[in-house]
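Read the structure below first, then the notes.
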Amino acid sequence: MVQLWLVDRSVDSRDLVTLVYATTDGEYVRRKQFAIETLRRRGRPVTAAIDAEQDELDPADDGDRERFAAEATRMADEHDPDDPV
């Protein structure tokens, strides 16, 4: 298992929430998408970190790696993995 930290959250015009989690080196990401209503109903908060299998990860785009590494490191320094964010 690999631990990833929340580095980006966005909402589009269709009320679809995209969460991007990344490794602290910024090399790998996992994107999760939910309808806002699904997030409300599921009864669990979005957490600072998730664990994922290596085969569930995608390489980060070259232009995002440095930013994702900085944000993932900041999140790891400031939060416990299960902290709601």
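The values are calculated or read from the model by the stated rules, or taken from the named source; none is laboratory data. Not measured: the values here are computed from a predicted model. All Cβ positions, glycine included, derive from the backbone under ideal geometry; neighbour counts span all protein chains shown.
Applying the set (1) part of a helix (DSSP H, G or I); (2) in contact with a helix residue (DSSP H, G or I) (Cβ under 7 Å, 6 or more places away or on another chain) to Glu71 leaves exactly one unmet item: (2). All conditions but one from (1) exposed (fewer than 13 other Cβ atoms within 10 Å of the Cβ); (2) modelled with pLDDT under 95; (3) part of a strand (DSSP E or B); (4) not aliphatic (A, V, I, L, M) apply to Asp51; the one that does not is (2). Of all residues in the range 70-84, those that are farther than 12 Å from Leu4 by Cβ and hydrophobic (A, V, I, L, M, F, W, C) total 1. Taking the numbered list (1) surrounded by 11 or more Cβ atoms within 10 Å (Cβ to Cβ); (2) touching a residue at least 12 places away in the same chain (Cβ under 8 Å); (3) out of contact with any Asp or Glu (no Cβ under 9 Å at 6 or more places or on another chain) in turn, Arg74 passes all entries but (2). Checking each residue in the range 54-68 for being within 14 Å of Val20 (Cβ to Cβ) and part of a loop (DSSP other than H, G, I, E, B) picks out Leu57, Ala60, Asp61, Gly63, Asp64. List every residue pair whose Cβ atoms sit under 6 Å apart, with the two residues 6 or more apart in sequence or on different chains, where the first one lies in the range 1-26 and is over 19 Å from Leu39 (Cα atoms) and the second, anywhere, is in a loop (DSSP other than H, G, I, E, B) and of a type in the set (Val, Ile, Thr). Matching pairs, first to second residue: Leu4/Thr23.
Return the residue satisfying two criteria in turn: it lies in the range 1-48 and is assigned to a loop (DSSP other than H, G, I, E, B) and polar (S, T, N, Q), and of such residues it is surrounded by the most Cβ atoms within 10 Å (Cβ to Cβ). Looking at residues that are assigned to a loop (DSSP other than H, G, I, E, B) and polar (S, T, N, Q), I get Thr23. Considering only residues of the range 38-63 that are under 17 Å from Thr24 (Cβ atoms) and in contact (Cβ under 8 Å) with a residue 40 or more places away in the chain, which is farthest from the chain's Cα centre (by Cα)? Top of the filtered list is Gln54.
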